[in-house]
Structure formats: structure tokens, C-alpha cells
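Reviewing the structure listed below.
The numbers here are math on the coordinates, done by the rules we state, and not lab data. Only a predicted model underlies this, so the values are computations on that prediction, with no experimental measurement involved. Cβ placement follows ideal geometry from the backbone for every residue including glycine, while neighbour counts extend to all protein chains displayed.
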Amino acid sequence: MAYGRKYQRKRKSTVAKMAKGKSTQIQALAKSVRSLQLASRGQHQYLNYFQGASRDNINSPVLAVNLCNFSAMGAIFGTDANDGQNPKIVHQSFGIDAYVSLENTINNEEDTITMTAFLVSLKDDIGGAFNPTTGALTIANGSHYVIQNGLCMLNKKIFNIHKVKRKVITNHGTPLANPSAQTQSGTDFRFYWKHSPRSLITNPVGEWTSLSSALDPSKQYYMLFFNDNSVADLESPCVSYSIVHTMKTVV
């Protein structure tokens with residue numbers, strides 16, 4: 001049996017409709033505005049910046065990765081340093097390629113680690129736990145999150161939760177050179193997250209590339225890695241990540 005496919009007509013803006021109307025002064029004005037709208041679309045530039053880390057320790061109970069530390073990002077894919085000389089930019093999107101492992105460059109972790117990873121943005125109720133000057137996030141169990149044996153839930157009054165991943169990794173207490181019976185994810189796991197904030201970032205006293213965070217909490221993003229790792233044995237899992245941020249210039 002053949003099925004018909006339903007197509008939805010794309011709606012035109014009010015200005016576009018007026019520009020197609022009868023020949024009047026209003027129509028002439030609408031055409032001028034429409035021309036400016038179309039012209040402005042072609043003037044935006046898309047810039048790319050890189051943020052990365054190699055084997056950051058994930059210590060108990062949480063590692064917070066600031067995804068809006070624009071001052072630490074490097075220009076890539078043809079973007080020049082001069083392209084960031086503007087007080088405003090749109091944080092269009094970012095893609096995260098992350099790898100979590102028990103293999104550490106200092107002391108490998110062999111024990112069982114229960115981990116919960118979140119991609120979050122803040123709400124205004126975060127208050128003093130967020131430092132807009134440095135981008136530091138200081139959160140406490142019972143107020144901002146609750147955790148038991150690595151199983152974590154966030155306070156939704158202060159966090160917007162965009163992504164979440166829950167994993168158990170272990171080598172059952174034996175050296176990593178000696179493989180053991182695997183659990184959910186063995187000794188490591190890798191994942192990819194894509195998100196599009198489309199946030200207007202503004203620096204009132206300089207270039208946006210000098211900001212260590214978005215000054216508005218609602219435009220500030222983090223990766224949070226909660227876990228039940230014990231620091232007593234001086235061992236810990238780690239995370240490596242490569243992040244590409246796409247920024248859109250403001251005309």
C-alpha cells in the first residue's frame with residue numbers, strides 16, 4: 001500500500017508577506033526592511049575554537065569542567081586571533097568527544113568506580129556558588145546535589161540538565177595489565193555530546209575572548225563528573241576530551 005507524505009509549508013515572516021502585498025508606501029518600506037534582513041544573514045561569520053584536556057583526574061566527589069572559559073580556547077579551522085576582537089559573540093554550538101578511563105598517567109585506578117556525568121547550564125538561583133570572574137563552581141552535597149555511592153541527582157532549582165550518562169568501570173582491584181571479569185563498561189568508556197546554546201555572550205569592558213565564563217549564569221555551561229572514588233589510595237580515574245565550539249559573529 002502506498003502512503004502519501006504530508007508536507008508542511010514553511011511560514012513566511014510578517015515582513016516578507018508585506019513585501020509581497022499591493023504597491024504602497026508600506027510595501028516599499030517592507031521591501032527595504034526585507035532586503036536588509038536578507039543582507040544581514042550573509043554577513044554573519046562562523047568561528048571555531050578548540051578546548052581540550054589530556055587525562056584530567058576525576059577526584060571525589062566531582063570534577064567540574066568549565067565549557068565557557070573563552071579565554072583558554074584556541075582558534076582553529078581558519079579562525080584568526082583577530083576574529084575575536086569584539087565585545088559580543090553568539091555561542092552557537094559545541095561538540096564534545098570525551099574518554100573516561102581507569103588508566104592514569106600518575107596512579108592507575110583498579111577499583112570499582114560508579115560515575116554520573118552531566119552536561120548542565122546554570123540557573124540564577126546558583127547564587128554565590130558560581131564565580132563569574134573565574135568560572136569556578138563551588139557546589140556542596142545536600143544543597144546543590146545529592147550523591148550516594150556515586151549515584152548522583154542534581155538540584156533542578158539551580159541546574160538545567162541537558163545530558164546525562166551513568167557508568168560503572170572497574171578492574172576488580174587487579175592491575176590493569178591483568179584483565180578481569182568486566183562489568184557494565186569495563187575499564188573505560190567514550191561518548192559524544194552535541195549541544196546548541198545559541199547564547200549571546202557579552203563583555204562590557206573588553207573582548208569576549210578575554211572572558212573566563214559567561215557573565216550571565218543562565219549562559220554558563222559545565223560538564224560535571226560525579227563519582228565515588230576514594231582519594232586515600234592516591235588513585236583515580238581520568239577524563240580526556242576534545243571540544244569544538246562554534247561561535248557566530250554579531251552584525
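Side notes on the structure shown:
- Over the chain, Cα pairs under 8 Å with separation of 6+ residues give a relative contact order of 38 percent.
- Placing a label point 7 Å from the Cα of A136 along the Cα-to-Cβ line, the residues of the range 66-84 whose backbone N sits under 15 Å from it are 66.
- Whether the range 211-251 is rounded, prolate or oblate, judged on the alpha carbon gyration tensor where a/c under 1.5 counts as rounded: prolate
- Length-normalised contact order of the range 56-162 in % [C-alpha pairs under 8 Å, at least 6 apart]: 27
- Extension gain, D56 to S143, is 28.8 nm, computed as 0.36 nm per intervening residue step minus the present C-alpha separation.
- Axis angle, to the nearest 10 degrees, between helix 25-41 and the longest C-alpha principal axis of the chain: 30 degrees.
- Highest-fluctuation residue, L224, L63, L29 considered, GNM on the chain with Cα pairs under 10 Å: L29
- The GNM of the chain, with springs linking C-alpha atoms under 10 angstrom apart, assigns the highest mean-square fluctuation among T209, T134, T174 to T174.
- The mean sequence distance of close C-alpha pairs (under 8 Å, at least 6 residues apart), as a share of the length of the range 170-251, puts its relative contact order at 14 percent.
- Distance from the C-alpha centroid of the range 156-217 to that of the range 59-136: 7 Å, rounded to the whole angstrom.
- Taking 7 Å steps out from each Cα toward its Cβ at T202 and K163 produces label points 2.9 nm apart.
- Tensor-based shape of the range 61-162 (alpha-carbon gyration tensor, a/c under 1.5 rounded, otherwise prolate or oblate): oblate
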